[in-house]
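This report refers to the structure that appears directly beneath it.
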Amino acid sequence: MKVLGISGTLVGSKTRILVEHILQQLQQQYPECKIELLDLKEYKLELCDGRPTDQYNEDTQKVILKIEEADAFLIGTTILHGSIPSALKNLFELVPVSAFTDKFTAFAANGGNPLHYLAIENYVKPIASYLKMLSLPEYVFALSSDFDGQNRLVKETKLKEVDQFVEHYASVLQQFYKIKVGS
Ligand SMILES: Cc1cc2nc3c(=O)[nH]c(=O)nc-3n(C[C@H](O)[C@H](O)[C@H](O)COP(=O)(O)O)c2cc1C
């Protein structure tokens, strides 16, 4: 089972830190899974303009391939203007629907405004449904104030919430994998 964690933003560093934290916990709970991090900041993705995949630059093709090869995802996003960053929306547009279809996905967001905790429900899940992903109902929404001055996730209640989230995510992923391999 290959799980690809996506840090879906070009802004700041807390989204990546949150995604890395969840992936580390997941590796502990589900040691057999292969985990990889895809940080959109490390790739020069072109804007989707409808070209066939092989006509995009090397970085764009590499990222599309990583998504095609993954069995499951953890999609992390910053909240910008009440929604997701354009970089993440562009990624969803670049990748063929078939690369997401029937793959198990969980979501984690980080924002500064507690009133925007529903951004995953309102903006990400509808896209996930369109792309035919299977998704964990609950998600993590971390506030900037859950991190300390060095951007470490330190808020006790949030850490506990993340632990419970990962426990459920790991358990569902393991069941999903059994069904996938037909055992
Ligand atoms: C341009 C911009 C727009 C933002 N809009 C929102 C917003 O609408 N809602 C929100 O909760 N946070 C918003 N934020 C705050 C970030 O989501 C928040 O600070 C988050 O923790 C960013 O962490 P990072 O920069 O370390 O990745 C915005 C930040 C920027 C830079």
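Here are the numbers for the structure shown:
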{"read-out": "Exposed trypsin sites (Lys or Arg not before Pro) absent - longest run of the chain, DSSP non-H/G/I/E/B, at most 13 other C-beta within 10 Å", "value": "45-131"}
{"read-out": "Set Lys14/Lys125; Lys2/Lys132; Lys14/Lys180; Lys14/Lys132; Lys41/Lys89 screened for pairs whose C-alpha atoms are more than 23 Å apart", "value": "Lys14/Lys180; Lys14/Lys132"}
{"read-out": "The chain - mean residue ellipticity at 222 nm from DSSP helices (-39,500 (n - 2.57) per run, n ≥ 4, rounded to 500)", "value": "-12000 deg cm²/dmol"}
{"read-out": "Under-5 Å amide H pairs with Ala142, H placed in peptide plane, nonlocal only", "value": "Ala109, Asn110, Gly111"}
{"read-out": "Stretchable slack from Leu136 to Lys2, in nm (0.36 nm times residue separation minus alpha-carbon distance)", "value": "46.6 nm"}
{"read-out": "Calculated on alpha-carbon atoms, Rg and Dmax of the chain in Å", "value": "15.7, 47"}
{"read-out": "Long-range HN-HN contacts of Gly82 with modeled amide H, under 5 Å", "value": "none"}
{"read-out": "Cα coordinate range in the stretch 130-183, projected on the principal axes (Å, largest first)", "value": "47, 25, 17"}
{"read-out": "Whole-Hz ³J(HN,Hα) from phi, Karplus 6.51 cos²θ - 1.76 cosθ + 1.60, for the stretch 69-84, glycine and proline x", "value": "7, 6, 9, 8, 9, 10, 9, x, 9, 7, 9, 10, 6, x, 9, 8"}
{"read-out": "Partner aspartates and glutamates for Lys62 [C-alpha distance under 14 Å; skip if fewer than 8 residues away on the same chain]", "value": "Glu36, Asp39, Glu42, Glu46, Asp54"}
{"read-out": "The stretch 70-160: GluC sites (Glu not before Pro) in DSSP coil with no more than 14 other Cβ atoms inside 10 Å", "value": "Glu138"}
{"read-out": "Calculated from backbone phi, Karplus (6.51, -1.76, 1.60) coupling profile of the stretch 32-49 in Hz, x at Gly/Pro", "value": "6, 7, 9, 10, 9, 10, 10, 9, 4, 5, 8, 10, 9, 7, 7, 6, 5, 10"}
{"read-out": "Karplus-derived HN-Hα couplings along the stretch 156-161 (A = 6.51, B = -1.76, C = 1.60, θ = phi - 60°), whole Hz, x at Gly and Pro", "value": "3, 5, 5, 4, 5, 4"}
{"read-out": "Value of relative contact order over the stretch 70-111, rounded to a whole percent, pairs C-alpha under 8 Å and six or more apart", "value": "67"}
{"read-out": "Difference of contour (0.36 nm per residue) and Cα-Cα distance, Ser145 to Ile127", "value": "3.7 nm"}
{"read-out": "Point-charge dipole on Cβ atoms (K/R +1, D/E -1) for the stretch 2-181, about Cα centre, debye to 20", "value": "140"}
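Every number here is computed from the coordinates shown, using simple stated rules; none is lab data. Values in this document were obtained by computation on a predicted structure and should not be read as measured data. Counting neighbours? That spans all protein chains shown, and the Cβs are built from the backbone with ideal geometry, glycine included.
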